[in-house]
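Here's the structure we're looking at; comments come further down.
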Amino acid sequence: MKTWSFFIGLLLTLVILQVPDSFARRTHLTPEQRGQLAQTQTVLVTVLALTEKGRADHTALEAIVIQRLEKVGYTVVTDRTQTHDIELKVKCEERKTWAGTTSEGGDAELADAPVRLWNGPACLFTYLLNGRNLGWYKEVRTPFEDSISAAKAAGAHDSGVFALEQLTTQVSNYDFPVMITAEWGQPERLLKLLDSPDTAKVRKLKILSALKTLEVHGALPQLTEMMKQKDLAQEAIVALRGVGVDSIPTLIDLFQNSQQPEIQAAAAKALGDIAGASGNPDTLPPLVAYLKASLQNMKTSEDINYLVLTQVVWALGKLRDDNSMEPMEELNQKVWLIYDKSQAMTQLREATNWTWKQLDLDGHIS
């Protein structure tokens with residue numbers, strides 16, 4: 001009985017690892033809801049500003065939110081009686097009273113998630129589809145938590161007004177349009193921004209990070225061109241994960257022919273992600289070949305390219321392949337025979353241990 005429990009648990013782990021993050025925490029969305037989100041064009045924006053004295057003027061905050069959404073191509077309305085596809089709610093407070101997380105708890109560990117213990121000035125972003133809150137929460141905060149002390153230090157007489165002014169600045173710099181566009185599953189808007197010469201590098205990095213969780217079929221030429229930019233190459237490679245199996249030849253070419261370890265490592269990671277998501281075995285031969293070549297001369301730590309090899313090992317664990325087992329067994333022995341207490345070796349050992357467990361299923365249930 002214990003054997004079967006272990007086996008079932010292991011299979012569930014493998015399934016979870018193969019599901020993109022965006023879908024892993026959004027399993028309760030129906031296909032109809034996903035379709036509605038993907039077609040969103042007109043957004044109703046409602047902004048609420050609160051200080052310790054009560055409601056405050058939200059005009060400046062609302063203007064910033066509208067302006068930034070319109071730049072991404074959305075049509076924005078502020079009158080609830082007007083036709084709209086979705087409602088984006090922004091609640092800004094001098095002293096945050098909302099202290100919860102999502103009902104399922106999944107968003108609590110994500111970037112920009114609401115901080116339960118933060119009681120200072122904050123703006124909470126969420127949206128409603130057909131009047132229903134779908135559990136997406138993002139929070140932006142001021143650098144300070146005590147608005148009274150901060151206002152006094154800045155020579156401001158009203159802490160509430162001061163806090164809202166600071167939050168307005170934070171919202172103007174906070175890239176919620178990219179986050180929510182990715183959440184709604186509209187990669188075409190993000191690709192248009194990515195292609196614009198007016199888009200800053202920091203924003204392009206944010207977009208590339210978002211694209212890796214989306215299906216971006218047809219984006220291969222654009223992302224391939226983006227890889228020519230040295231400062232964006234690694235992120236563009238990771239974003240190729242969203243293109244799927246069509247990007248495998250490009251990623252293999254980068255992995256085998258690039259002279260930059262960072263590029264090789266990013267390509268290996270993307271190949272592993274695609275293998276796990278699609279089950280396509282074409283991703284594995286170059287990774288196995290690299291591992292075998294590395295093992296031939298692996299006697300000391302100086303013989304190991306930790307950056308690349310660690311990503312190769314993680315990738316091999318995403319799809320069980322018999323050709324991986326023999327070299328992985330040899331690696332599993334060598335990493336413990338080589339004396340090395342470095343963080344890089346610790347990470348390689350962790351990857352090796354996990355991948356070997358995924359490959360040697362028979363050994364773990366016997």
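Annotations
- Degrees between helix 306-316 axis and first principal axis of the chain (Cα, 0 to 90, nearest 10): 90
- The gain in end-to-end length when the ALA289 to ASP246 segment is fully stretched comes to 13.3 nm, 0.36 nm per residue minus the alpha carbon separation.
- Pairs of lysines in the stretch 35-174 whose Cα atoms sit within less than 17 Å of one another amount to 5, provided the residues are eight or more positions apart or on different chains.
- Extension gain for TRP336-LYS357 works out to 6.0 nm (0.36 nm per residue, less the C-alpha to C-alpha distance).
- Pairwise FRET efficiency - VAL77 versus ASP303, Cβ, R0 = 45 Å, nearest 0.05: 0.10
- Per residue of the chain, the DSSP helices (runs of n ≥ 4 H) give a summed -39500 (n - 2.57) that works out to -16000 deg cm²/dmol at 222 nm.
- Nitroxide proxy distance, nm - points 7 Å out along Cα→Cβ at ALA153 and LYS192: 4.2
- Residues whose amide H lies under 5 Å from that of ALA122, counting only those 5 or more places away or on a different chain, are GLU93, LYS96; hydrogens are built 1.01 Å from N in the peptide plane.
- Residue among ASP112, ASP79, ASP246 with the largest mean-square fluctuation in a Gaussian network model of the chain, springs linking Cα atoms under 10 Å: ASP79
- Under the simplified labelling scheme, the GLN296-THR346 pair shows an inter-label distance of 3.3 nm, with each label point 7 Å from Cα along Cα→Cβ.
- FRET efficiency, 1/(1 + (r/R0)^6) with R0 51 Å, evaluated for GLN39 and MET325 via beta carbons: 0.65
- Rounded tilt (10° steps) of 261-278 against the dominant C-alpha axis of the chain: 90
- The alpha-carbon of LYS341 sits under 25 angstrom from the alpha-carbons of these lysines, leaving out residues fewer than 8 places away in its chain: LYS269, LYS292, LYS299, LYS357.
- Tilt relative to the chain, helix 322-337 - C-alpha long axis, 0 to 90 degrees, to 10: 90
- Phi angles of the stretch 347-359 translate, via the Karplus equation with coefficients 6.51, -1.76, 1.60 and θ = phi - 60°, into HN-Hα couplings of 5, 5, 5, 5, 5, 5, 4, 5, 5, 4, 5, 5, 7 Hz per residue; Gly and Pro are given as x.
- For the stretch 35-174, the relative contact order is 24 percent, taking Cα pairs closer than 8 Å that sit 6 or more residues apart in sequence and dividing their mean separation by the residue count.
- Electrostatic dipole magnitude of the chain [Cβ: Lys, Arg +1; Asp, Glu -1; Cα centre; debye, to 20]: 440
- Share, in percent, of DSSP beta bridges within the stretch 35-174 that are antiparallel, nearest 5: 60
- The stretch 35-174, dipole about Cα centre (Lys/Arg Cβ +1, Asp/Glu Cβ -1), debye to the nearest 20: 100
- For the pair SER172 and GLU145, label points projected 7 Å from Cα toward Cβ lie 2.7 nm apart.
- Shown in residue order for the stretch 115-126 are the 3J(HN,Hα) couplings computed by the Karplus curve 6.51 cos²θ - 1.76 cosθ + 1.60 at θ = phi - 60°: 8, 4, 8, 7, 10, x, x, 7, 10, 9, 9, 8 Hz (x for Gly and Pro).
- Computing Rg and Dmax of the Cα atoms in Å for the structure here picks out one of (i) 24.1, 72; (ii) 21.1, 68; (iii) 19.7, 59, namely (i).
- Legend: calculated FRET efficiency, ASP253 to HIS28, from the Cβ-Cβ distance at R0 = 51 Å, rounded to 0.05, equals 0.85.
- Structural descriptor for the stretch 187-365: relative contact order 16 percent, calculated from alpha carbon pairs under 8 angstrom and at least 6 residues apart.
- Charge dipole (the chain, unit charges on Cβ, about Cα centre) - positive-most of ALA182, GLY276, GLN234: ALA182
- Relative contact order (%) - the chain, alpha-carbon pairs under 8 angstrom, separation at least six: 12
Each value in this text was obtained by applying a stated rule to the coordinates, not by laboratory testing. Keep in mind it's a predicted model, so treat the numbers as computed, not measured. So basically every Cβ, Gly included, is an ideal-geometry build from the backbone, and we count neighbours across all protein chains shown.
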